[in-house]
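Laboratory data are not the source of any read-out in this text; all were calculated from the coordinates shown. Keep in mind that this is a model prediction, so the values were computed, not measured. Because the Cβ atoms are built from the backbone with ideal geometry, glycine has one as well, and the counts that use them run over all protein chains shown.
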Amino acid sequence: MESALYPIQNKYRFNTLMNGSWQFETDPDSIGLKEGWNKELPDPEAMPVPGTFAKLTTKRERKYYTGDFWYQKDFFVPSFLQGRDIFIRFGSVTHRAKVFINGHEVGQHEGGFLPFQVKISDYIQFDQSNRLTILVNNELSEKTIPCGTETVLSNGQKLAQPYFDFFNYSGIMRNVWLLALPQIQITNFKLDYQLSNNTATINYQIESNDNDTEFKITLLDHEEALISTTSKDTGRLTVKNPHLWQPSDPYLYKIKIEMLQNAKIVDEYIDQIGIRTIKVVNDKILLNNQPIYLKGFGKHEDFNILGKVTNESIIKRDYECMKWIGANCFRSSHYPYAEEWYQYADKYGFLIIDEVPAVGLNRSVTNFLNVTNSNQSHFFAAKTVPQLKQVHQQEIKEMIDRDQRHPSVIAWSLFNEPESTTPESYDYFQDIFTYAKKLDPQKRPYTGTLVMGSGPKADRLHSLCDIVCLNRYYGWYVAGGPEIVNAKRMLMDELNGWQDLKLNKPFVFTKFGADTLASLHQLPDEMWSQEYQNEYYQMYFDIFKKYPFIQGELVWNFADFKTSEGIMRVGGNAKGVFTREREPKDIAFVLRKRWR
Ligand code: EVA
């Protein structure tokens, strides 16, 4: 990626959103490239960007379309932008893209949940119409993340089979910008904080595409009063009596970076930053050196009609609901969300465990139901693993480069429920953690979530994690309904087992929940009823009290969400505390009481 910086506008940087109605065509036989679709699509239809075709169609074949598909858009670049570097920036393209300008390939990107930008300056004509074409592919395999496989139906149609429990929405689901940047430009900057004696030290490191430049760095408070200033691409700023960022008081400073050449400013980037530290000490998570207990959710980017499309109204509504209920944290399960989510979190004072799309690293289409160890598929012994690892690492790097400055991001999750009980799984993740730990200047905690069955005896990955995150379903997939008394016993047995290991690490429950129909009430309660969801959570909360190393509860899920079809899902996953329309189920009031 050329730069991880979110687009801003100022005297040096111009951008415009390219969202709107684009041209679209599916290419089931992958003939497009040979037939020149990169120049002209033969029979396109209108398609919104951002948008996802799966939610806009009334036809099953289109909803489940798997393979290559194309987007095209004509655009204009006025000549007053000449002399600048022109880029197209995609918030994401799911899952992979090849980008063409006026028929020439200008870049490609693997991974459906992170931004990338491609430089197009050499291929465009100013003051004339230009054509942007993107070849997208949404197939799943074991070589890329998230993992899955595919089957071919008797009518010849390919069908993606995710190894994960959310609908494989694809396409261009986030914003697309045209950027005009100075040719000599700031490409990123990294910050880390130290607190002592009422003073904060901000260590910074600026990245740019030119070595022969100078910098001026200015720190301003919320009211734009000057706090501190310095020069050089790497250095430190000090803040006396810093106003620290925390969920109850998400105070943001402004940092301005000016890049100079021959004493003339050539680029400027401004960002809002929050001064805070985050670390793990013994079995506590410390924010600004104070223990913090995480309360909140595993979430999804998911909504009716929109699928995973970024929509700030939904973002705002979700934060309002999370604030109302008294949450302070969520995990971006199971992929990095659109950048706007993190900007809101910084302002609303939410903590995020930021997760790379490493979900489904377990060879089973129902891996989330694979609750015993007897099902070891030796996923990490496959020949494709080196390729997978490379993609996994690349996406970790892109996620950290993108999100490292957000005060809201308090930890990196490098996996969700992979195979974790085999020696190969340890070897794989040891490399992943070693790689990842070099990337974050703030050295935030690294973690990943452990599947049910990966308990204190069998699991091999917890030693790699700074925080041990457990996804557990005693009382739902195991020992549900009248057996809930057994579920309680099983959960305690497992926690006793972890306690005996004396790991001296914080544990966070990153998933526990029960599918619940908002329409169903029952006495005595039964599985799927609202009353059962209440009983289920109460059982967990009663037990959490007994284990002081539990430092957080992120319930599954914030809202009901769409999954693949199957006998386990009625219209999707119904474990939401809120409905898919973001209205509360009964449990929301229980949690509100508990968390506030
Ligand atoms: C569930 N359980 O069964 C969830 C899934 C999720 O949606 C898991 O990680 O353990 C998975 O994706 O509701």
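Packing, as the average of other Cβ atoms within 10 Å across residues, places the peptides 449-458, 13-22 in the order 449-458, 13-22, highest first. The packing ranking of peptides 255-264, 130-139, highest mean first, is 130-139, 255-264, where packing means the average number of other beta carbon atoms within 10 angstrom of each residue.
Its DSSP H runs of at least 4 residues, each contributing -39,500 (n - 2.57), put the calculated 222 nm mean residue ellipticity of the chain at -5500 deg cm²/dmol, to the nearest 500.
Order by neighbour count: 546, 397, fewest other Cβ atoms within 10 Å first, most last.
546, 397
When +1 charges are put on Lys and Arg Cβ atoms and -1 charges on Asp and Glu Cβ atoms, the dipole computed for the chain relative to its Cα centre reaches about 1200 debye.
Taking 30 Å as R0, compute the FRET efficiency from the Cβ-Cβ separation of residue 314 and residue 10 and round it to 0.05. Plugging the Cβ-Cβ distance into 1/(1 + (r/R0)^6) gives 0.55. Please state the shape class of the chain: rounded when a/c is under 1.5, otherwise prolate if a/b exceeds b/c and oblate if not, all from the C-alpha gyration tensor. Taking the square roots of the gyration eigenvalues as a ≥ b ≥ c, the chain is oblate. For region 371-488, the dipole from Cβ point charges (+1 on Lys and Arg, -1 on Asp and Glu) about the Cα centre works out to 220 debye, to the nearest 20. Within the shell defined by Cβ-Cβ distances under 12 Å, the residues around residue 459 carry a net charge of -1, with Lys and Arg each +1 and Asp and Glu each -1. Positive-end ranking of 296, 332, 311 along the dipole of region 258-335, with charges on Cβ about the Cα centre, is headed by 296. DSSP beta bridges confined to region 459-570 are antiparallel in about 10 percent of cases.
Modelled spin-label separation between residue 128 and residue 594, with each label point placed 7 Å from Cα along the Cα-to-Cβ direction: 6.4 nm. Packing here is the average count of other Cβ atoms within 10 Å per residue, and on that basis the peptides 97-109, 26-38, highest first, run 97-109, 26-38. Exposure proxy ranking for 415, 589, based on other Cβ atoms within 10 angstrom of each Cβ and starting from the fewest, stands as 589, 415.
Evaluating 6.51 cos²θ - 1.76 cosθ + 1.60 at θ = phi - 60° for every residue in region 90-104, the Karplus couplings come out as 9, x, 4, 9, 9, 10, 8, 9, 10, 10, 10, 10, 6, x, 8 Hz, glycine and proline recorded as x.
Answer rounded, prolate or oblate for region 299-451, using the Cα gyration tensor with square roots of eigenvalues a ≥ b ≥ c: rounded when a/c is under 1.5, else prolate when a/b is larger than b/c, else oblate. Judged from the Cα gyration tensor, region 299-451 comes out prolate (a/c at least 1.5, a/b above b/c).
The DSSP beta bridges internal to the chain are antiparallel in roughly 75% of cases. Quick check on region 243-344: take the gyration tensor over C-alpha atoms, sort the square-rooted eigenvalues as a ≥ b ≥ c, and tell me if it's rounded (a/c under 1.5), prolate or oblate. Oblate is the answer for region 243-344, as a/c is 1.5 or above yet b/c matches or exceeds a/b. Projecting the Cα atoms of 406, 24, 485 onto the charge dipole of the chain, computed from C-beta unit charges around the Cα centre, puts 485 farthest toward the positive end.
Counting only Cβ charges, +1 for Lys and Arg and -1 for Asp and Glu, the dipole size of region 103-205 around its Cα centre is about 160 debye.
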